[in-house]
Every structure is written in C-alpha cells, then in structure tokens.
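Q: Right, I'll just put the structure down here and ask away after.
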Amino acid sequence: MNGSVIAQLVVSGSLMGLVYALIAYGFQLTYATSKSINFGQGELVMVSAFICLTMTNLGISYWFMVPLGLMCGALLGLFVERAGVRLALEQKNEGWILLTIIIGLFFFSAAENIWGRDDRPFPTPISSEALQVAGIRITPLELSVALGVFAIMGIIELFKRKTLLGKAFEAVAADRDAAELMGISATKTIMLSYSLSGVVAAVAGLLVSPITTVGPTMASALVLKAFSVAVVAGLDSGFGVVLIGLFLGSLESLTSYYVGSGWREAPGLILLILALAVRPTGVFGKIPIKKV
Amino acid sequence: MIKRLFLICGAEALLALLMASIPMAVNNTFVLGLLTLLTIYAILLIGLGITVGYLGQINLAQAAFLGLGAYSAALGVTTFGCGMLPALMIATAVGCLFGGVLAFPALRLEGPQFALSTLSFMALTATTLNEWESLTGGAQGMSVPRPPIFGLMLNAKGFYWLCLILLGLVWVAMRNLLSSQWGRAFEALRDSPIATDAMGIGTHRHKAAAFILGSGIGGLAGGLYAFNFQFLQPQIFIYDLMVILLLGVVLGGRKSLWGAFVGAAIVVLLPNLLSNRLLFQIFSGTGFVFALIAGARGLLAKSTRPFQALAPVVAMGLLVFGGMFVDNTEDWRKAIFALMLFSVVVGLPDGLMGFAARLLTRLFRIIPAPFPAASDLESVLVCRQPTSEPILSVRELTRHFGGVRAVDGISLSVRSGSVHGLIGPNGSGKSTLVNVISGLYAPNSGEMLLHGVPLPRGSLFQVARRGIARTFQNLQIFTELSTLDNVMVAMKGIIRSPLPLVLLGLTGKSERRVQADGLALLELVGLADQSRIPAKDLPHGAQRFLEIARALARRPQLLILDEPAAGLAHPDVIKLLGIIRRIRQCGITILLIEHHMEVVSDLCDIVTVLDGGRIIAEGRPEEIKRHPKVIEAYLGARHVQSAGEPVAAAPELMPV
Amino acid sequence: MLVVDNLYAGYGKSEVLVGTSLTVKQGTVVGLIGPNGAGKTTTMRAISGELKPTKGTVMLDSKPVQGLDASRIARLGLAHSPEGRRVFGPLSVEDNLLLGAYHRLPRFFGFRSRAAAELERVYDLFPRLMERRRQSAGTLSGGEQQMLAIGRALMAQPKIMLLDEPSMGLAPVVVDEVFSIISRLKESGITLLLVEQSASRAFEVADYAYVMERGRVVMEGKPAVLQQDARMVAAYLG
C-alpha cells in the first residue's frame, strides 16, 4: 500500500463524505423538532438541482441562481411538511414514513418525465483543474464542496445557538408542549425546520451536481449513505454527522479502490447495521428515558 | 355458530375453489402467468403484513428477502441439484436466517430508524447480488431451470396449482398463528411494548420472531418467484419493487389476510391497467368520485380533518386530470402509484379490506363463538401459604435523572403475604422506586433481592419472569385488544402452546383453558360481562381493574400496584378494597403505592413513607399518621407544633 | 382577569373536567386544591390551551380564549408553569429564561439587551440561577429547576401566571423557600392561580381558594373560612 495513494483516497473520499453529512444534517433538522424525517430527501436534492439547471439554461447567472435555488428548496421542504408530515404528527402515528416515501416517488417520476432520464452536466464557474497540495490532487470544485458544506452548517448552527428563534427551535426539540406554553408555536417551528432542511437539500444539490452530473437517480445513492451517516451518528448530533460522514466517505473510497467499485456502498450499510447492533441511538445519540 | 363458520370459512373455501378452477376454464398463458404472480405476491404480502400490520413498523426489506429467497432457491437447484421442495425449503430458511440477522439489531429501533435500517439492508442485498458475480452472475442475471417435484416435471398449470396450495398452507397457518396467543402478543406489543415486557412477554424477541416469520415467508415467495420466471436479475429486487409491495399492503389493508390477497391482485393487475388508456380513465375516475364522496361525507359529519378529506380528492383529481394530458401513462407509472398510495394512506388508513370489513360486519351480524365457563379462582391464582419471610429486600437503592435524585439510597424489605404500603407526596420517588424494582429503570447503585436472590436490573421482562407483576399509574392497557384478550395475553408465558401445534391449529384445548382462566380473573374484578369490549372503550375505572386482572394472570408472587385508586370514584374505591383483600387471601404479597389514606390505613400491614427520594418513616398505618416527620413532609416545618392535635391535623393529612 | 365557566375537558374518551368554574381577580393569588386525580392539573391545562376544552368558556382579560393554541394564549399574556417543571434540559439556564420571554423579544438579534432588565429582576429573586446561568438546565437539582420554571414564567411579564404544584418532589426546606418567593411575588402584585396538593401550603399564600373534587369545584372561599369547614375532610377523602 502506498501512503500517498491512501492519503489521496482519504481526501477525495472525505469530500463526498461531507456531502453525506450535509444531507444527514437535513434529517437532523427536522428530527429535532418533530421526530420525523423526510424519506424523500434525495428527491429534494435532485429536483432542486434540476430547477437550478433549468434556471441556468434560461440564462440566469450562477450567483443569482443560487439564492433562487435555495428558495425553491425551502418551498419543496414546506410542501413535504404540509402534504406528508403534518397530518401524521397531529394524529401521532408514523404515517409520515410512508407519505414522505410516496412524495419522493412522485417527485422522482415527475422529474423523470419533465427533465428526462439522462444525466446532464451542470455548469459551474468554479474551476475543476487540479491543484497539488502536499502531493495530493484536489480541485477548486472539490474545495468548494467542503467550503459550502461547512458554510451552510455553520450558518444554521449559529442561527440555532445565537438567535432567539434558533433557541426556540431547540426548545421545541426538548419539550414541545412546554415550548408551546412559552408562546412558541410548534407547528411553525416544524415548518421552519422543514424549510431549512429543504434549503440544505438544495445546497447539497448545487454542490454535488457539477461532480456527479444531474439526473433523476443522482441522489439515490447519496441519500442512502446519508441515512447511514444519520443513523450511525445519531439523529441529534450535528458534530457527529460530520465526523461519521468524513469517516464513511474515506472508508468508501478506500473500499472502492482496494475491493472494487461496485462494493463502494457496502461499508456504509454494514457500518449502519453494526452500529445499530451496538448502540441503537447512534454513536453520538442520546439514550431516551422510557416513561410510564 | 354455523352461520359464523359458514361465512368465514365459506368465503375462504370459495376463493380457493375459484382460484383453482380458473385455469381449467380459461386456457390462456397470459392469464395463467398473472394468476401465478398473484399467488406469489399474496404469499409475499402476507409475510410483509406481519411486520407492517401487526408490528406497525415500516419494513422496507421485504423485497430483499424475496431476492435472497429467489437466489438461494436458484443456487440450490443449479449448484446442489435440489428438487423443487428442498429448494423452496432452502429459500424459506435463508429468508428466516437473514431475517434473524437483521431483526436483532434493527428491532431495537422504532419508527424511522427501523425503516432506515431495513432500507439499508435492502440496498446492501442488491449490491451484494449485483457484485458477487461468481455466485449470482451479477447484472447479467442467471437462468434457473424449474426442478421436478417428487420426480414430476410441472408445467405452467401445475406450477400454478403448487403456488396456490402453498398460498393456502401459508394462509391457514398464519390464520391459526394470528388467532392464537402469538397473534395476541404481536398485537399487544404494538399497543404497549412496556406492558408486554412487564407481562413477561419479551417484546424484543416477539418482534424478532414476527419479523423472522415474515422474512421466511418472503423467502418462500422468492423461491416460487425464481421458478416462475426461471430468470433472475438483481435489478428486480430493489427500491421500485419495495414501493410496489408497500402499495399492496397499504391498499389491501393491514392486519388482514384478505387484505394481502386484494393488495396482491391490485399490484399484479395495475401495470396492465395502466397500459390501457380507457381502463385507466375508468379506474382513476372511479377513484376520484369515491374520494369526492368520502371526503364530502367526512367533512359534513366532521369526522375527518379538512386535510384528510381534501388531499385524496386533490390527488385523485390530479390523476384524472393528468391522465388526459399525458401521452403515455406507462411512463408516469411511479407518479400514478404515488398518487394512489397517497390517497389511500391519507383517506383510507385501514385500506380497502379494512373498509370492506366494516361494511360487511354491518351487513351480516356474526355471532361470536361462546366462551367456556370460568375456571375456579383458587386454581387460577395458585394460593400460597405466607411464610413471613421477607420476599423482597432492597438495599441502598439509588437512581438519579440528571441532577434530580429521584431515589436516593432506599432500603426496604417486604414481608411475604403482607400488604406493604408506599406513600409520600407527589414526586417523592415512589413511582421511580417501583420502576427500578420492576426493571423499567436500571438502578445507579444498590441491590434488590427476591427471596434472597438478586433481581435482574433494568429488564422489565426478566423481572416479570421472576414472578413480579405490576400495574401502571399511567395505564398501559392493550387498547386495541378486547378486555378478555388483555388478560389472556399475560398468560402466554404461563400456559404455553408449542409453535408447531399452533400453526396446525391444534391448540383449541389450551386456548379454552386460557379463556376460562381469564374469565375467572375478570369475574374477580367485575368485568366478566364486558369481556368482548375493546379495552379502549372501557371507562377509566374499569381499565384500572383490568390492569389488576392482567397482572394477576401472571400468577405473581409479588404484585405491585402503582396508584390503583388514582382517578377512581368512591364506589370504585370500595370495590378496589374488596379486590385487594381477596387477592391477599390467596397469599399474594402486595406492594401498594397509594395517595388515598383511606385505602392505605384500611389495607396495609406496614407503610413506608418516602420524601425527596428517601425513607422518612416506616411502621403500622396508625403510627404513621402521627409520625412528626410525616406530618412535616406533608405540611412544612411550621405545622409541626400543631400536629399534636389530631383534629386540626386530620384534614391536612388526608391528601396522603 | 381570568374567568372560567362550566369547563369540560378530558383525555380521549374519559372526561376529567365536568363543569369547572372559577374566577381569578387582578392582583390576587388564588389557590386550587383538592385530592390527587381531582382535575386540578387538567383545569390548568385546559385554561392554557395545552388541552382543548370540549365545552365551556375561558375568558382572559374579558376575551374568550378557549380552543386557541397554547402558544396563542401565551402571547395574550398567560404564563403557565406546568406540573413537573418541564425546563428545557439541554439548554442553559439563561436560555431557558430568555425563552420565557419569547413572545415579546426580537427573534434574531438584540433580544439579550431587550431582556436584560427582566433577567436582572429574576436573578435578583433567584440568586442561585445567576450562579448557574451557563449550566444546562437538566443538571440542576429539583428545587433549582422549580425556581427556573417560575423565573421562566415571570420573564413573560404575564398578566396572569398559572403555577402547577411548585412543591412537587421537593424536600420540605426547599418548599419553604419556594413559597417564600411566592409570597414575595404576591407582595409585588402578581395575579396567580396556584395548584397545590397540600392545602395548608396553599392557604399560606392564597387570598381565595377553590376546592376541586372529581372534575368540579365543590367548595370555595377565603382560606380562613375553608380551614374551619368540616366538609374539607370529606373533599379530601374523595
């Protein structure tokens, strides 16, 4: 084994790992407020990427398109909340699992028919010419993925810790009914969490599409690994998803180099099932207290 | 009785007859192919229905079990030269095996995490099947010859009949299982996993058993699938198939064998329906009208929320409207599935068969089978002679939550055959103490002994197995089960039936015994005449009594009653006193948490008073009432002086 | 300030409140007492909107509020400090307090300075919270959590405060402390509806009291009068 090959694999793997972490972070946002996640999050990533691509093709400049794309992501997130989640939460059942899968399926089929089944390149102003840093090849495009992931997660974490609205967000996560008594509307907070989660999905779409190209199935593999990351890290630790994301990403690129590219999905899935066997609430998750 | 048998079994026999005779009447390979697929899917969906319907968990791995079953049956034939039956057995066993491998970690999870782990398992299976080319032929696929059965080569018709017979067997076995103690346990653990554990029914292992069973059936269906198509590709067993399977279960209706059949029929027929424009329009139009009527009725009767009434109408409307503009409905297959599924999940949560079943029970009033006569109470409770030895002793027990020391070094010993009262102000740690003893919480430190032997820590199930039964302050009844079934569930570990006999439907005798014993306990608490009512419809007081009867069904040595009088009206309190005395006569030791002084002073031999997680007094009830520390705990330090005057202190002591 | 008339509410099929009526006048402390399971906490929950009443009216400041969401009622000036304290465990003490004032603070920036005066008042009242303001609320002792819960409700500058069983699970010494704070609040003119299991505790601070039993008010009057009433015994025996 060659040290620099491993380093190279680890670096490029961790960059993908950051994308998984970002999508997983989108699950955490909604899980915190409502104990629900959008099983169709991958479709949100894909649809927002397609919308951004369409806007670019219409001649809207990249930097103007970005905020519009994020807004579309937020709207899609809101739609999922309204159509798929709210009723089930009101009835206190788990119908939202099925409904978000169903909505994802609908988005998938619609995208397939509207934009076609082929993968398309996504134009970006950021160069993909490799730089050599300490013997490791890395492109500005890849760097932009890392920067983008840290930026959006940083902004949201700052929002959660430093603004009153963000603290209200955490209050709803801690005790929904008590938060209502403080005048915090849980429904609105959940809507906010879903729209933030939609924004996160749109950011993920924008960041990865130049690398993976845009197509209906672009996110299905991504989201599967994001699920693994979210469950392994636990659904309530933002720090945890980044660590696990980085770990999984590198593990994956090593596996695909040394075992075979078809097996690249395997470590994530095995890691997931193993982690569940050892610690069902996730490595960084909190163990809830049973109540009677 | 005859009418009941006729209606239920008759319908099943009729369906079987009809299904068996179609290929004789219609000689068409296409129809035969559809029918074969229908039976295979029905088997598969019965398996999936166990987890989705009975356990109430979204299982996304059934497609993987189908695939695993299919490939292992195929490999059994190609590699080992197995016959049809051995190959199918291999398929079933492989399904069970992988079901077990997945169940033990995954079933410790609830809801989304469970769904995620099954989803990952499915993806892992697909990857493995695709990549392990030396074994599976990879993406190229592998062809499977249809092996002979008992040396006989089956043609398409024969194979269909084989599938049908297997469906019949699975159907009957599942009906037997689900109407036995096992089925009741499965339903109970969805309502309250805490209570099933406390009733000595290991929640986790029962969930795993149900899941393994469902996976095994999935594997069997996989084997049939392989021999039906005689060609396998890993791409078949992925996400798309899983969505179709969910569609089948949800559309047909959960918790119903008929539902699985109807679901399978829809899943098989739907693709053909979509390719024909006219049929599609008729179908979607009917759906739209149906949603419109149901929605309007729901809105007018105010029985549904506006969203629940309107969303299916919008979804079905989109289906009708979209269908007019789209060139090829086949391309939009997934969107159409999505819209239909959405409407059903939102508008008809019980599925088509759930809806039909409600309609049918209104049309035909079926008289349920009569119950046997109640057993003798003495034989049910197994009376013991009290030994006056301590049955339970607890030493230096502590349990904190964050900064709150709920139980802070409690030592206590309960004499055999006594009624031991545990009182204290709200939040003094009474409930936490019994939650630690009964295994809901593990203690932070300290020891607990039952008959001098250490009790398991932090496992309701294992503590229950040692002969401690309890009730809950916040009721944990099995709401969906009937009153009698609630009691019968708790007897699962007491009167056992071996699984093979259950599957063959040969446990009628022990089933009647369980019924008789359950009725005896219901008589004790005065609920015998309400044995068929769903427990959720009982009034609050009756639900408390039901919990006592259920705990007694465990034949406990020690019965923990956690505030049995909370929220009871006065006549019910009197009744409660009578019941507790009767239980005590049988020599069952009782640990009683109570607020009502009346109950405590009437019943208890000894009373322990807790405050702030510590014991502040212990003694006979009349001593306790005068104990200065007790008065202080309830009234605050300033009142201690006036405590000498019993008259002035009395009203303030009462809220004890 | 608060008028409750013929209120019905319950959980699922079981009705807990069957026609509760009570009135809290501005600037008074009203005690709500009764045995366990009488419906005291349910009354509080039905007033604050945590539980939707099935029948009856709740007038806050002569406006009907029954059936509104809890968050809406809170914004109208009712602060409910619930049974079991329910502090936000993972958040710091100070964040808990700031959230108490949520509905009258800016959502994004500058909320700390806007709440500074109120925060200081609460810290004056509970010096111990000041010491622990950076600590997460879940690690506080039971008594400190109760003080935090009261402080959090005070931060809202409510027109009326509902305080549910402040003595629950606390050692007698701590209860004394809590009640001396309630007395101080009373002197400052707070309007308070207090649920308490120990009648004598409630009588210490209340201007007026209601006795509940099985979902309705069975007696009411000034504490001095109620204390002499023989029927109190009956009510408590429930």
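Q: Round to the nearest 10 and report in Å² the accessible area of B:Cys163, as given by a 1.4 Å probe over the protein chains' heavy atoms.
A: Looks like 0 Å² after rounding.
Q: A further question follows. Radius of gyration and Dmax for the range B:271-366's Cα atoms, expressed in Å?
A: Cα only, the range B:271-366: 14.7, 49 Å (Rg, Dmax).
Q: Taking the 0 to 90 degree range and rounding to the nearest ten, how far is the long axis of helix C:172-187 tilted relative to the main principal axis of chain C, both from C-alpha atoms?
A: So the helix axis and the longest Cα principal axis differ by about 90 degrees.
Q: Turning to a different aspect of this structure: Only bridges whose two residues both fall in the protein assembly as shown count here: according to DSSP, what percent of them are antiparallel, nearest 5?
A: Around 60 percent antiparallel, to the nearest 5.
Q: To continue, here is another question. In Å², rounded to the nearest 100, what is the total accessible surface buried by chains B and A against each other with a 1.4 Å probe?
A: About 4400 Å² of accessible surface is lost on pairing.
Q: Quick one: net charge of B:Ala551's neighbours, Cβ under 12 Å, K/R +1, D/E -1?
A: After counting each charged neighbour, the total is +3.
Q: What is the mean number of Cβ atoms from other protein chains located within 10 Å of the Cβ atom of each residue in peptide C:59-72, rounded to a whole number?
A: 2
Q: Further question: Of the beta bridges DSSP finds with both residues in chain B, what % are antiparallel, to the nearest 5?
A: Of those bridges, close to 60 percent are antiparallel.
Q: Based solely on its DSSP helices, what 222 nm [θ] is calculated for the protein assembly as shown when runs of n ≥ 4 H residues each add -39,500 (n - 2.57) and the sum is averaged over all residues, nearest 500 deg cm²/dmol?
A: Computed ellipticity for the protein assembly as shown at 222 nm equals -19000 deg cm²/dmol.
Q: Right, here's the next one. Based on the Cβ-Cβ distance of C:Arg121 and C:Ser92, what FRET efficiency does E = 1/(1 + (r/R0)^6) give at R0 = 22 Å, to the nearest 0.05?
A: With R0 = 22 Å, the Cβ-Cβ based efficiency is 0.75.
Q: I've got another one for you. Using a 1.4 Å probe and counting only protein heavy atoms, arrange B:Thr329, A:Thr212 so the residue with the most accessible area comes first.
A: Putting B:Thr329, A:Thr212 in descending order of accessible area: A:Thr212, B:Thr329.
Q: Between B:Glu133 and A:Glu129, how many nm apart are label points set 7 Å from Cα along the C-beta direction?
A: Using points 7 Å along Cα→Cβ, the separation is 3.8 nm.
Q: When a/c reaches 1.5 or more, the comparison of a/b and b/c decides; with that in mind, is the range B:10-143 rounded, prolate or oblate per its Cα gyration tensor?
A: Oblate, because a/c is 1.5 or more while a/b does not exceed b/c.
Q: Follow-up question, since we're still on this one. Averaged over B:424-435, how many beta carbons belonging to a partner chain fall within 10 Å of each residue's beta carbon?
A: Counting other chains' Cβ atoms within 10 Å and averaging over B:424-435 gives 3.
Q: Taking all protein chains as present, what is the carbon and sulfur share of the accessible area of chain B, in % to the nearest whole number, probe 1.4 Å?
A: Carbon and sulfur atoms account for 63 percent of the accessible area of chain B.
Q: Which lysines does B:Lys509 reach when only Cα atoms under 20 Å apart count, and residues fewer than 8 places away in its own chain are ignored?
A: Within the straight-line limit of under 20 Å, B:Lys509 reaches these lysines: B:Lys492.
Q: Right, here's the next one. Might you list the cysteines of the protein assembly as shown that have no disulfide-compatible partner by the rule of another cysteine's Cβ under 4.7 Å?
A: Isolated Cys, the protein assembly as shown: A:Cys52, A:Cys72, B:Cys9, B:Cys82, B:Cys96, B:Cys163, B:Cys604.
Q: Continuing with the same structure: Quickly rank B:28-41, A:168-181, A:125-138, B:308-321 as a protection proxy: mean count of other C-beta atoms within 10 Å, highest first.
A: Those peptides, ordered most packed to least, come out A:168-181, B:308-321, B:28-41, A:125-138.
Q: Still on this structure, I have one more. By per-residue mean of other Cβ atoms within 10 Å, what is the highest-first order of C:159-168, C:102-111, B:216-225, C:2-11?
A: Top to bottom by mean Cβ count within 10 Å: B:216-225, C:159-168, C:2-11, C:102-111.
Q: Okay, moving on. Net charge near B:Gly427, counting Lys/Arg +1 and Asp/Glu -1 over other residues with Cβ under 10 Å of its Cβ?
A: Taking every other residue near B:Gly427 into account, the sum is -1.
Q: Under 23 Å from the Cα of C:Lys63, which lysines turn up, not counting those fewer than eight places away in the same chain?
A: Straight-distance partners of C:Lys63: C:Lys25, C:Lys40, C:Lys52, C:Lys55, C:Lys159.
Q: Ok, one more. Cross-chain or 8 or more residues apart, Cα under 16 Å: how many lysine pairs in the range A:3-278 fit that? Count them up, please.
A: 4
Q: What's the carbon and sulfur percent of the range C:1-129's accessible surface, probe 1.4 angstrom, rounded to a whole number?
A: 51
Q: Residues of the range A:144-171 losing 30 Å² or more of accessible surface, assembly versus chain alone, probe 1.4 Å, please list them.
A: A:Thr163, A:Leu164, A:Leu165, A:Lys167, A:Ala171
Q: Going by accessible area, probe 1.4 Å, with all protein chains left in place, what is the ranking of C:Ser183, C:Ser81, largest first?
A: Putting C:Ser183, C:Ser81 in descending order of accessible area: C:Ser183, C:Ser81.
Q: Project the alpha carbons of the protein assembly as shown onto their principal axes and report the range along each, largest first, in whole Å.
A: Projected onto its principal axes, the Cα set of the protein assembly as shown covers 94, 76, 64 Å.
Q: If you line up the long axis of helix A:164-174 against the longest principal axis of chain A, both from Cα atoms, how many degrees apart are they, to the nearest 10?
A: Computed tilt is about 80 degrees.
Q: Enumerate the lysines that B:Lys629 could reach by cross-link, defined here as Cα to Cα under 19 Å, with residues fewer than 8 away along the same chain left out.
A: Qualifying lysines at Cα under 19 Å: B:Lys430.
Q: Would you check the accessible area of C:Lys63, probe 1.4 Å, heavy atoms only, in square angstrom rounded to 10?
A: The accessible area comes out at roughly 100 Å².
Q: What percentage of the solvent-accessible surface of the range A:3-278, computed with a 1.4 Å probe over protein heavy atoms, is contributed by carbon and sulfur atoms?
A: It is 68 percent, rounded to a whole number.
Q: Could you pull out every residue, at least 5 positions away or on a different chain, whose amide H is within less than 5 Å of the one on C:Phe126? Hs are placed 1.01 Å off N in the peptide plane, and Pro or chain starts have none.
A: Answer set, sorted by chain and number: none.
Q: Pairs of alpha-carbon atoms within less than 8 angstrom and 6+ residues apart define the contacts here; what relative contact order does chain C have, in percent?
A: Here the relative contact order equals 30 percent.
Q: How big a patch of accessible area, both sides summed and in Å² to the nearest 100, lies buried between C and A at a 1.4 Å probe?
A: Its buried surface, counting both partners, is about 2100 Å².
Q: Here's something else I'd like to know. Mind checking the angle between helix B:306-325 and chain B's longest principal axis? C-alpha axes, 0 to 90 degrees, to the nearest 10.
A: 10
Q: Summing both sides, how much accessible area is buried between B and C? Use a 1.4 Å probe and give Å² to the nearest 100.
A: Summed over both sides, the interface buries about 2200 Å².
Q: Ordering B:Val26, A:Val5 by accessible area with a probe of 1.4 Å, largest first, what comes out?
A: B:Val26, A:Val5
Q: If you take every DSSP beta bridge fully contained in the range B:378-653, what fraction is antiparallel? Give it as a percent rounded to 5.
A: Taking every DSSP beta bridge within the range B:378-653, about 60 percent pair in antiparallel fashion.
Q: Across peptide C:195-208, what mean number of C-beta atoms from other chains lies inside 10 Å of a residue's C-beta?
A: Mean partner shielding for this stretch: 3.
Q: Length gain on complete extension for the stretch B:Ser411 to B:Asp376, per 0.36 nm per residue less the alpha carbon to alpha carbon distance?
A: My answer for the length gained is 8.8 nm.
The values are calculated or read from the model by the stated rules, or taken from the named source; none is laboratory data. Predicted, not measured: the structure shown is a model, and the values here were computed from it. Reconstructed Cβ throughout: ideal geometry from the backbone, glycine too, with neighbour counts over all protein chains shown. Remember, those area values only see protein heavy atoms, side chains included, never the ligands or the DNA or RNA. Shrake-Rupley method; radii C 1.70, N 1.55, O 1.52, S 1.80 Å.
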